[in-house]
Amino acid sequence: MPSDLMQTVVPGLIEHIPITLVYWFVPSVLSLLFGTLLCIVRVGRHNVLYWICTIYISFFRGTPGIVQIYLVFFGLPKLFWIFGIDINDWSAGIYFIIATTMNLSCFMCETLRGGYVGVDKGQIETGLSIGFSRTQNFFRVIVPQTLKVAILNLKNLEIDVLKDTSVAFTIGAVEMLGYAKGVIAASYGSGQLWILGAAAVIYFVMCTVLEIVFTLISHRMERYERRVA
Amino acid sequence: MTEHTESPDEQIVVSLRGIRKSFGGNEILKGIDLDVTKGEVLAILGSSGSGKTTLLRCINALERPDSGSVRVDGSFIDYGGKVANRDILALRRKTAMVFQNYNLFKNKTALQNITEGLTVVQKKSKAEAEATARDVLEKVGLAEYADRYPVQLSGGQQQRVSIARALALDPDVILFDEPTSALDPELVSDVNDTITEVAKTGVTMIIVTHEIRFARNVASRVIFVDKGTILEEGTPEEVIDHPKTERVREFLSKMAVK
């Protein structure tokens, strides 16, 4: 065991938990929004927008996440440069968040779509029949019942996203694993199993907490399915 | 096609003119004209596929007619032109519907199912909505089931909550879409009794049903829909006891055998 493991390395890993959480949370929130919008298009009429979204989704689902991160990291500045905008000084973390959001929105969309398809259409008609506007019906009937069906798949998705923050270091965004790799490199690989092991334990704890939170939410959502009053 | 008319002594609540509706090139409704006056209980009879449920769903725009017009109280929609969502919403807020499969919100208690429309649509306070909800639950004999979720209620109880929900909205007309056809036979009479009680309070009702005897008891007027048109129309005595056409006689004799 490296002598400085408990004194400096573990505190250093812990210090990088917040940035890891940012790389998880920001794309998650943005993807919930964009995924919902994509989902609304995907369950609607098959117009031009539908096909654009469908192709976009199939591209992001059909290519490796790491390739997408590189494409965004190297490609986006070039794309912006065409319009005379220089984004080269944006930090790697921002590119990681953009790439992850673009990817996660697609998976979010399909997860929500699966939930929506599972909602009893009679529930939606009922909302309309009692005079809900389309917006009221969306937020009061469609959203809660869609989330209820989709919650278990959302849990799996979010755990994956949390773990996948660990690839951010490949474009130089320093989160927890990025920090660990830095320490390992500085000590020429000595004690690397200990350091990686410590990181693994922290990831495991974070994922477990996330899993528990989702389980509690889904239990709360399912309370109306219990047959005993 | 006749024009919509306003008559002060016989107040027309629901008025349909020239309602046509096709599904995939198959014309289900072939130009229906129908007026329902205030306090009337209209039963719509007809065999499966006759278009009677589609007709009912055209009234609150759950199905949009291809052409024709619908008036409910002061709300008017002409499907010949462009239809605004705002007009549909206004019309729906004058109606309430009781569905074949009850369609209570699964994630709401009996009480919340009723208060939902009162607080969200009618902007009543929570306390006022709950008082109304308890009142209508009492009327359908389910006061003590207020806090149950739908899954914890029998089909008959769910349908009675659904009737209470419709009543609470105090609509100009309540539309019933085969309210007992998804129920176990022994629960049917409970629901029918509830509907009969509600009818006595003077609420305007349009009921699509397969049950001849129930229609005979509850309705003040009966129409028989066949192949997308109104084949017979009149009092229950006229249509059910003394049908004019062979088609209705045949239908009634088949239903009587059941």
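The values are calculated or read from the model by the stated rules, or taken from the named source; none is laboratory data. Note that the coordinates shown come from a computational prediction; the quantities given were computed from them, not determined experimentally. Don't worry about glycine lacking a Cβ; one is built from the backbone with ideal geometry, like all the others, and counts go over all protein chains shown. Just so you know, the surface numbers come from the protein's heavy atoms only, side chains and all, with ligands and any DNA or RNA stripped out. Shrake-Rupley method; radii C 1.70, N 1.55, O 1.52, S 1.80 Å.
For this structure, a couple of remarks:
- Measuring between their Cα centroids, segment B:156-187 and segment A:190-225 lie 46 Å from each other.
- Here the translational diffusion coefficient of the protein assembly as shown follows from Stokes-Einstein with Rh set to the Kirkwood radius across Cα pairs; for 4 °C and 1.567 mPa s it amounts to 49 µm²/s.
- Modelled spin labels at A:Ile66 and B:Ala256, positioned 7 Å past Cα toward Cβ, are 8.1 nm from each other.
- Pair A:Leu152, B:Ser220: separation of 7 Å Cα→Cβ label points (nm): 5.2 nm
- For segment B:12-256: relative contact order, % (alpha-carbon pairs under 8 angstrom, 6 or more apart): 26 percent
- Contact order normalised by residue count of segment A:87-229, Cα under 8 Å, 6+ apart, percent: 26 percent
- Each 10 Å bin from zero up to the one holding the largest Cα-Cα distance in segment A:157-229 carries the following percent of pairs: 17, 35, 22, 13, 8, 4, 0.
- Going from the chain on its own to the full set of protein chains, segment B:138-170 has these residues losing 50 Å² or more of accessible surface (heavy atoms, 1.4 Å probe, no ligands, DNA or RNA): B:Tyr149, B:Val151, B:Gln152.
- Solvent-accessible surface of segment B:12-256, taken per residue with a 1.4 Å probe and all protein chains present: 40 Å².
- Across q = 0.10, 0.15 Å⁻¹, segment B:12-256 modelled as identical point scatterers on its alpha-carbon atoms has Debye log10 I(q)/I(0) values of -0.47, -1.05, in the order of the q list.
- Straight-line reach from B:Lys126: taking Cα to Cα under 20 Å and skipping same-chain neighbours fewer than 8 places apart, the aspartates and glutamates in range are B:Glu116, B:Asp135, B:Glu138, B:Glu144, B:Asp147, B:Asp170.
- DSSP loop trypsin sites (Lys or Arg not before Pro) with at most 12 other Cβ within 10 Å: longest gap in chain A: A:46-225
- Multiplying the residue separation of B:Ser47 and B:Thr245 by 0.36 nm and removing their Cα-Cα distance gives an extension gain of 69.8 nm.
- Buried accessible surface for the B/A chain pair comes to about 2300 Å², total over both chains, computed with a 1.4 Å probe.
- Net length available on complete extension from A:Thr54 to A:Phe74 is 4.7 nm, with 0.36 nm assigned per residue and the Cα-Cα distance removed.
- Model label sites at A:Asp160 and A:Leu32, defined 7 Å from Cα along the beta-carbon direction, differ in position by 1.9 nm.
- Ratio of Rg to Rh over segment B:136-258 (Cα coordinates, Kirkwood Rh, two decimals): 1.01
- Other protein chain Cβ atoms within 10 Å, averaged over every residue that makes up B:59-66: 1
- Kyte-Doolittle mean at least -1.0, axial Cα span of 15 Å or more - DSSP H helices of chain B: B:126-139, B:155-168, B:185-200, B:246-257
- Count, lysine Cα pairs under 26 Å in chain A, 8 or more residues apart or across chains: 5
- Cα convex hull volume per residue for segment B:51-114 (Å³): 106 Å³
- Residues A:Arg223 and A:Trp90, FRET efficiency given R0 of 56 Å [Cβ-Cβ distance, rounded to 0.05]: 0.80
- Whichever lysines have a C-alpha closer than 19 Å to that of B:Lys227, once near sequence neighbours (fewer than 8 apart) are set aside: B:Lys21, B:Lys30, B:Lys52, B:Lys244, B:Lys254
- Partner shielding of B:95-108 amounts to 5, given as the average count of beta-carbon atoms from other chains within 10 Å of each residue beta-carbon.
- With the helix formula -39500 (n - 2.57) applied to DSSP H stretches of n ≥ 4, chain B reaches a computed 222 nm mean residue ellipticity of -10000 deg cm²/dmol.
- According to the calculation over all Cα-Cα pairs in segment B:9-88, the P(r) per 10 Å bin from zero is 18, 52, 27, 4, 0 %.
- Amide H contacts for B:Val173 (H built 1.01 Å from N in the peptide plane; partners 5 or more residues away or on another chain; cut-off under 5 Å): B:Ala96.
- Distance between segment B:21-76 and segment A:1-51 - C-alpha centres, whole angstrom: 50 Å
- Carbon plus sulfur fraction of accessible area for chain A, probe 1.4 Å, in percent: 70 percent
- Both radii were evaluated on the Cα set of chain A; the Rg over Rh quotient, with Rh as the Kirkwood radius, amounts to 1.06.
- Computed with every protein chain present, the accessible area of B:Thr229 is close to 50 Å² [probe 1.4 Å].
- Longest exposed-site-free window of chain A, the sites being chymotrypsin sites (Phe, Trp or Tyr not before Pro) in a DSSP loop that have at most 15 other C-beta atoms within 10 Å: A:91-187
- Helix-derived mean residue ellipticity, 222 nm - over chain A, DSSP H n ≥ 4, -39500 (n - 2.57), to 500: -23000 deg cm²/dmol
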